Structure formats: structure tokens, C-alpha cells
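Have a look at the structure below before the remarks.
The values are calculated or read from the model by the stated rules, or taken from the named source; none is laboratory data. All values reported here derive from a predicted model rather than from experimental measurement. Cβ sites come from the backbone with ideal geometry, for glycine too, and all protein chains shown count toward neighbours. These area figures cover heavy atoms from the full protein model, side chains too; ligands, DNA and RNA do not enter into them. Shrake-Rupley method; radii C 1.70, N 1.55, O 1.52, S 1.80 Å.
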Amino acid sequence: MKKVAPSGSAPKAFSDEMLAFLVKGTVVSAAVSIAATRSNNAYRTPLQTIFLGFTTVASFVWGARFPPGVTKFLHPILTSTGLTFVALHLTGMATGSTFINILKEYKCGSLAPLEAGAGDLILSLLGPAVISFAIAMYSRKGVMASNLPTVLTGVAMGSAGSLFGTAAFVRAIGLGGSDGCFLRLSTIPRNVTTALAMVIAKMLGGDISIAASLVVLTGMFAAMIGGKTLDAWGVTDPVSRGLGLGAAGQSLGAASLSHEKDAFPFAAVNMVLVAVFATILASIPAISDLLIQVACGAPTE
């Protein structure tokens, strides 16, 4: 018999049946994947992809079912990332490999059927997910058009302000010490969507892996406390809330406002426009040189 949530309690994010299916899929695929890898089976890579895909989704669903008081501090993405890392480590031990080697197979940069990792398949879903934001944006096109000057101001402040603000901050705190320029440049596009943040980091001479990691951390931070911070500061205007979280927290920050129908479209549009405008700014030699100077003290050779 299907369990019914007690009266007055909020329903869990995902059903018991879904979690049970994902857990069973993880266990079965783990056994098959490890056996295939140890026997050097020709299909070891796709089998491992299925196993790690089940692991990633199952751990996210499990984390999302925690009480609201827990998930507001422990985002399901943190739960999923932590448990997936544990799975990668255990897989390396069980197959005679290493954590780093399994991690490289998790995200190898290919979508070929026999080569793609679980991370490659999951990342390929990011584009359609972001495009789906257009539905909410279109439904509020009239409100957005009437607030065009405000939106443009938000884009300018969210892109130029964040790039130079981050550059100045990491230099002020001495991030990385006297030889920390490489690390500082990697942090500058922290509030830009992952794909374009990696482009900006590369243009500035930073590390794309560090940049991508910081983007995820920034998004999770914004999703967990962004809305509550705005509430605490008395920011109730939906335009301001949407533009603020869209600029600061990329897709995760925007998604955290999905229940606010008037704020979410502004978060979605600002997330996209800030990323595009920030990339355009960083591609201008004079501006990129200035960013490097602000972060490091002098342009790199």
C-alpha cells in the first residue's frame, strides 16, 4: 500500500518508489560494472557510465528528500557530489584503479556511445534545462518589457560589477599568496554559467577546472541563502529579487526562485544576459588586461 504523508506535513520531493528504483539500479549496475571492468569487458565503459549515472541521480534524490530545515543548508547537489565522489573512490579500489582515473572517465568530454561518461551525459542536459527557462520568461514578457531599463542596469552591474569586484576582492585578501595570480584569475567568472565561465577563465589565463568548481559552489551558496538573505534585508520587489539572484547565482540561483512566478523570469533572463555580457567584456583586450591588473597587480606576460 502506498504511504501517505501525515496531515500537515509537506510531501517529499520524490516518491519512495522512485528512490527505491534508483537504489536498486545503483546496486545492480555497480555489481555488473565492477565485474565487467575486472574482466576487461569491451563494454566496461558504458556499464560504468550507467552505474555512476544511477549513483549521481539516486544520491541527489535521496538528499532532496531531507526535511526543509536540512536542505536549506545541505543542498541536494552537495549530497550528490559527496556520495558520487565516495562511489568513484570505491570503484577505483574495487577495480584496481584510482579515484583520479575514474573521475577522468566520469567526465571525459565525449558523447560517443562507448566512450561517454555519466558526467558527459548529465552535462548535455544543461542546455535544454536552461532553454526551458524561456517558457517562464515568455509568460512574463509584458512585465519584463516594462522594466527594460532596470533589466539593462542589472545586467551591467551583474557582469562588469562582479568581474571587477571579484578581481579586487581576491587581490585584497591575497588569495594564493604572492604567486596566486593564476588562482585569482580562475575565480573572476564565478557568477557566470559554467560553459562561459570556463571560456572567460581561459581567456584570462586561469584554470578552467577551478573556474567550473567555483561556479558550482557559488550557485549552491546562492540557492541556499540567497532568497533568505533578500528576505532578511526586506527586498520583496520581484524584479529586484530576480535580477539579484539571477546575476549572483546563475542557474541554481535562478532555479531557487522558480516558485516565485513574478521573480523567476527576471532571474532567468539576467542569468543569461550577465553570462553573455561578461564574456563579451572579457574578450576585449583592454578590459581583460585591466581585470588581470586588478587581480594580480600587473598584466601577465
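What to note about this one:
- When we screen 24, 72, 12 for residues that are more than 30 Å from residue 227 (Cα to Cα) and among the charged types (D, E, K, R), the only hit is 24.
- Qualifying residue in region 104-112 (condition: touching a Gly at 6+ places or on another chain (Cβ under 9 Å), open to solvent by less than 30 Å² (accessible area, probe 1.4 Å) and outside any helix (DSSP H, G or I)): yes
- Applying the criterion of being touching a residue at least 24 places away in the same chain (Cβ under 8 Å) and part of a loop (DSSP other than H, G, I, E, B) to the residues of region 43-77, the residue that is farthest from residue 18 (Cα to Cα) is 43.
- Members of region 78-99 that are assigned to a helix (DSSP H, G or I) and open to solvent by 40 Å² or more (accessible area, probe 1.4 Å): 78, 81, 83, 85, 86, 89, 90, 93, 99
- Looking at 243, 290, just one residue is over 27 Å from residue 69 (Cβ atoms), modelled with pLDDT of 90 or more and open to solvent by less than 20 Å² (accessible area, probe 1.4 Å), and that residue is 243.
- Residue satisfying condition, being in contact with a Lys or Arg (Cβ under 7 Å, 6 or more places away or on another chain) and either modelled with pLDDT under 90 or part of a loop (DSSP other than H, G, I, E, B) (or both), within set 127, 119: 119
- Subset of region 169-182 that is within 18 Å of residue 215 (Cα to Cα) and at pLDDT 90 or above - its residue that is surrounded by the most Cβ atoms within 10 Å (Cβ to Cβ): 170
- Residue list for region 182-231, filter: assigned to a loop (DSSP other than H, G, I, E, B) and either over 11 Å from the mean Cα position of the chain (by Cα) or among the aromatic types (Phe, Trp, Tyr) (or both): 188, 189, 205, 206, 207
- Residue match in region 117-128 (condition: open to solvent by 70 Å² or more (accessible area, probe 1.4 Å) and under 13 Å from residue 85 (Cα atoms)): no
- Pairing each residue of region 88-114 that is farther than 13 Å from residue 37 by Cα and of a type in the set (D, E, K, R) with any residue that is in a helix (DSSP H, G or I) and modelled with pLDDT of 90 or more, provided the two are 6+ apart or on different chains, yields no C-beta distance under 7 Å.
- Matching option when the condition is in contact (Cβ under 8 Å) with a residue 12 or more places away in the chain, under 18 Å from residue 202 (Cβ atoms) and either in a loop (DSSP other than H, G, I, E, B) or of a type outside the set (Lys, Arg) (or both), among 273, 291, 243, 257: 291
- Listed by first and then second residue, the pairs linking a residue in region 29-40 that is open to solvent by 60 Å² or more (accessible area, probe 1.4 Å) to a residue that is assigned to a helix (DSSP H, G or I), with Cβ atoms under 9 Å apart and 6 or more places separating them unless they lie on different chains, are 31/51; 32/47; 32/50; 32/51; 38/44; 38/94; 38/95.
Here is a yes/no grid of residues against (1) touching a Pro at 6+ places or on another chain (Cβ under 8 Å); (2) open to solvent by 30 Å² or more (accessible area, probe 1.4 Å); (3) modelled with pLDDT under 90; (4) not hydrophobic (A, V, I, L, M, F, W, C):
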| position | (1), (2), (3), (4) |
| --- | --- |
| 134 | no, yes, yes, no |
| 159 | no, no, no, yes |
| 167 | no, no, no, no |
| 187 | no, no, no, yes |
| 195 | no, yes, yes, no |
| 208 | no, yes, yes, no |
| 219 | no, no, yes, yes |
| 225 | no, yes, yes, no |
| 236 | no, yes, no, yes |
